[in-house]
1. Note the full-extension length gain between Met8 and Gln21 as 0.36 nm times their separation in residues minus their Cα-Cα distance, in nm to one decimal.
2. Report the trypsin sites (Lys or Arg not before Pro) located in region 1-40 that are in a DSSP loop and have at most 16 other Cβ atoms inside 10 Å of their Cβ, or state none.
3. Around Trp82, under 15 Å between beta carbons, what's the net of Lys plus Arg minus Asp minus Glu among the other residues?
4. Subtract the Cα-Cα distance of Thr66 and Ser105 from 0.36 nm times their separation in residues, and report this length gain in nm to one decimal.
5. Checking the table Lys4/Lys63; Lys38/Lys67; Lys63/Lys89; Lys4/Lys38 against a 28 Å threshold on Cα-Cα, which pairs fail?
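Each reported figure results from applying straightforward, stated rules to the coordinates on display, with no laboratory input. No experiment lies behind these values; they were computed from the predicted model shown. Methodologically, a virtual Cβ is constructed for each residue, glycine included, from the backbone with ideal geometry; neighbour enumeration extends over all protein chains shown.
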Amino acid sequence: MLNKIIIMGRLTRDPELRRTQSGLPVTSFSLAVDRDFKGQNGERETDFIDVVAWRATAEFVSKYFTKGRMAVVEGRLQLRDWTDRDGNKRRAAEVVADNVYFGDSRRDGQGGGYDAPSYAPPASGGYAPAAGGNQFAEIDEEDGDLPF
């Protein structure tokens, strides 16, 4: 079975970092994602997609993303059923984020230069600052082979 989704859009609000009763970090946010085609009125329609991130990814998003920033989210689609206060059955679709990437530079999103540290995924998934904060790794040119 395959359940993989990649979306790119702008955050509609600042993400909120919360913790479960066991202390697990979780954040939720919504992305405004433009459709690739125009509607009958000649304008592009926008979908507002709810996203949930856990653990290190949640902490990363809450620290470096704000309302209006462009984000690329890679994850899976999840449907949740629940009963509201009035006893009505409800269903919600949301993306559970495995990885979240910057979709713009800070210059595009907020003015000023881009100054966030570089990130490399840890073994457990999600993102954490790369050692030393360098954005580029030096390539040893002695053997002459390119690393790709």
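1. Once the chain is fully extended between Met8 and Gln21, it gains 1.6 nm.
2. Lys4, Arg13
3. Local net charge: 0.
4. 12.8 nm is the gain from fully extending Thr66 to Ser105.
5. Violating the 28 Å limit, Cα to Cα: Lys63/Lys89.
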